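**Student:** Next up is a structure, given as structure tokens.
The values are calculated or read from the model by the stated rules, or taken from the named source; none is laboratory data. Computed from a predicted model, the values in this text were never measured in an experiment. Reconstructed Cβ throughout: ideal geometry from the backbone, glycine too, with neighbour counts over all protein chains shown. Please note that ligands, DNA and RNA were not included when accessible areas were found on the heavy atoms of the full protein model with its side chains. Shrake-Rupley method; radii C 1.70, N 1.55, O 1.52, S 1.80 Å.
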Amino acid sequence: MNSPYGVFPDEVILQILARLPVKSVFKTKVVCKVWYKLISDKYFTNLYNELSVKNPMVLVQVSEPSSESRSSLICVDNLKGVSEFSLDFVKDRVKVRACCNGLLCLSSIPDKGVYYVCNPLTREYKLLPRSRERPITRFHPDGEASLVGLGCDLMKQKYNVVLAGYHRSFGHRPERTFICMVYDSELNKWRKFVSLQDDQFTHMNKNQVVFINGGLHWLTDSCSCMLVLDLGTDVWRKIQLPHEISCGVRSRVYLLELDGRLSVIQIYEAWMVIWVMKDYEKEEWRMVDKVSLRCIRGMVPGIFPISQNDNYVYLATHKQVLVYQRNSRVWKEMFSVKDSSTLPLWFSAHAFRSTLFSCH
């Protein structure tokens with residue numbers, strides 16, 4: 001690139017391009033052969049992903065009231081505002097079940113047992129092979145997995161999809177037998193293992209699955225601990241929450257990520273308390289912020305933390321997505337829906353990041 005002072009070094013060009021939206025990156029590939037080569041290199045992909053994961057967003061799937069078969073994805077970005085895109089390239093009616101590092105795990109609505117992984121920004125998708133689970137058994141309670149998780153490792157360029165739920169034979173009550181199916185993108189096949197569990201999960205617990213340190217983490221309904229699946233060993237274990245946290249009628253707890261670390265947010269009365277795990281091996285927690293909710297007191301019963309970083313926290317209500325600026329302690333409405341017939345936004349809200357990760 002010529003300038004009055006000469007030519008910009010490749011590294012400067014890369015740093016500029018790595019801060020563009022995904023769509024703009026693809027457009028710049030056709031500017032010239034040099035840029036095409038720079039952007040196509042694995043170094044650029046890693047640089048782009050490294051910068052993007054520092055900017056968490058919220059992804060909300062909103063169904064159109066006039067058509068049950070159509071839905072749109074609303075991406076709320078504190079830096080770039082609100083954008084909308086579609087999953088029409090998948091050619092199926094789908095529901096977002098999990099998000100991780102720019103990829104989505106989708107389940108088919110009309111065809112149970114069919115799952116996809118896609119990058120909604122690059123519009124790439126992969127239909128996962130059918131698992132070989134015998135038809136004489138099913139997941140409890142509705143024939144679908146209780147837990148759906150997606151673990152996307154940006155460094156290793158691989159991902160896993162996890163389906164887990166309680167076993168129920170036809171004509172029998174559900175057992176404590178916990179069936180787990182794991183899809184491996186490198187092998188392009190599923191593996192299965194069985195264990196005994198007795199934990200239950202709310203809808204928000206299922207939505208807020210966090211992939212950290214090679215494991216998927218879900219908060220249990222009791223709010224006393226989280227259930228963790230180590231994807232390297234296929235072993236379940238439990239991690240205790242901070243002892244100071246109690247879950248009751250007036251206290252709610254949510255599991256999130258904070259800059260690559262586990263975090264829990266407790267909402268009680270007119271307060272929001274943010275905890276972060278400072279030592280994963282020792283399971284040591286530290287409280288990093290305590291936020292007064294008095295200025296939005298009326299929203300407190302129906303507000304749900306979705307995504308965060310060191311500077312701000314995204315929260316969803318029935319009709320709004322809010323952002324709380326931790327430094328300035330200012331609240332801001334980022335998005336709202338007007339139609340009263342839609343499901344609460346928190347019901348289909350997920351933490352999201354923009355990456356160039358390919359699902360193929």
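**Student:** Could you please let me know if residue 127 is of a type in the set (A, V, I, L, M), at pLDDT 90 or above and open to solvent by 40 Å² or more (accessible area, probe 1.4 Å)?
**Tutor:** yes
**Student:** The conditions are (1) closer than 19 Å to residue 84 by Cβ; (2) touching a Lys or Arg at 6+ places or on another chain (Cβ under 7 Å), and residue 360 fails exactly one of them. Which is it?
**Tutor:** The single condition residue 360 does not satisfy is (1).
**Student:** So how many residues does the stretch 33-62 have that are under 20 Å from residue 207 (Cβ atoms) and of a type in the set (Val, Ile, Thr)?
**Tutor:** 4
**Student:** Let me ask something else about it. Of the residues that make up the stretch 220-230, is at least one more than 17 Å from residue 197 (Cβ to Cβ) and either open to solvent by less than 40 Å² (accessible area, probe 1.4 Å) or of a type in the set (Ser, Thr, Tyr) (or both)?
**Tutor:** Checked against the condition, which is being more than 17 Å from residue 197 (Cβ to Cβ) and either open to solvent by less than 40 Å² (accessible area, probe 1.4 Å) or of a type in the set (Ser, Thr, Tyr) (or both), the stretch 220-230 yields no hits at all.
**Student:** Among the residues of the stretch 282-292, write down those that are surrounded by 19 or more Cβ atoms within 10 Å (Cβ to Cβ) and either in contact with a Cys (Cβ under 7 Å, 6 or more places away or on another chain) or over 27 Å from residue 238 (Cα atoms) (or both).
**Tutor:** None - no residue of the stretch 282-292 is surrounded by 19 or more Cβ atoms within 10 Å (Cβ to Cβ) and either in contact with a Cys (Cβ under 7 Å, 6 or more places away or on another chain) or over 27 Å from residue 238 (Cα atoms) (or both), so the list stays empty.
**Student:** In addition: Output the residue which, of all residues in the stretch 145-183 that are modelled with pLDDT under 80 and part of a strand (DSSP E or B), is surrounded by the fewest Cβ atoms within 10 Å (Cβ to Cβ).
**Tutor:** Once the filter is applied, the top-ranked residue is 169.
**Student:** Looking at (1) among the polar types (S, T, N, Q); (2) open to solvent by 20 Å² or more (accessible area, probe 1.4 Å); (3) free of Cβ contacts under 8 Å to residues at least 40 places away in the same chain, which is the one condition that is false for residue 55?
**Tutor:** Among (1) among the polar types (S, T, N, Q); (2) open to solvent by 20 Å² or more (accessible area, probe 1.4 Å); (3) free of Cβ contacts under 8 Å to residues at least 40 places away in the same chain, residue 55 violates only (3).
**Student:** One residue is enough: does the stretch 330-345 have a residue meeting the conditions over 30 Å from residue 179 (Cα atoms), of a type in the set (Val, Ile, Thr), open to solvent by less than 10 Å² (accessible area, probe 1.4 Å) and not in a helix (DSSP H, G or I)?
**Tutor:** No, every residue in the stretch 330-345 fails to be over 30 Å from residue 179 (Cα atoms), of a type in the set (Val, Ile, Thr), open to solvent by less than 10 Å² (accessible area, probe 1.4 Å) and not in a helix (DSSP H, G or I).
**Student:** Hey, among 189, 95, which residue is open to solvent by 30 Å² or more (accessible area, probe 1.4 Å), within 21 Å of residue 306 (Cα to Cα) and at pLDDT 90 or above?
**Tutor:** 95
**Student:** Return the total of residues in the stretch 98-124 being open to solvent by 20 Å² or more (accessible area, probe 1.4 Å) and touching a Cys at 6+ places or on another chain (Cβ under 7 Å).
**Tutor:** Matching residues across the stretch 98-124 total 2.
**Student:** Also, I was wondering about something else. Only one of (1) of a type outside the set (Gly, Ala, Ser); (2) closer than 30 Å to residue 214 by Cα; (3) assigned to a strand (DSSP E or B) fails for residue 310. Which number is that?
**Tutor:** In the conditions (1) of a type outside the set (Gly, Ala, Ser); (2) closer than 30 Å to residue 214 by Cα; (3) assigned to a strand (DSSP E or B), residue 310 misses (3) alone.
**Student:** To continue, here is another question. Tally up the residues in the stretch 88-110 that are closer than 29 Å to residue 324 by Cβ and not polar (S, T, N, Q), please.
**Tutor:** Of the residues in that region, 10 qualify.
**Student:** Could you give every pair whose Cβ atoms fall below 7 Å, whose first residue belongs to the stretch 295-324 and is under 17 Å from residue 79 (Cα atoms), and whose second residue is surrounded by fewer than 16 Cβ atoms within 10 Å (Cβ to Cβ) and among the hydroxyl-bearing types (Ser, Thr, Tyr), counting only separations of at least 6 or pairs across chains?
**Tutor:** That search, which allows pairs on different chains as well, returns nothing.
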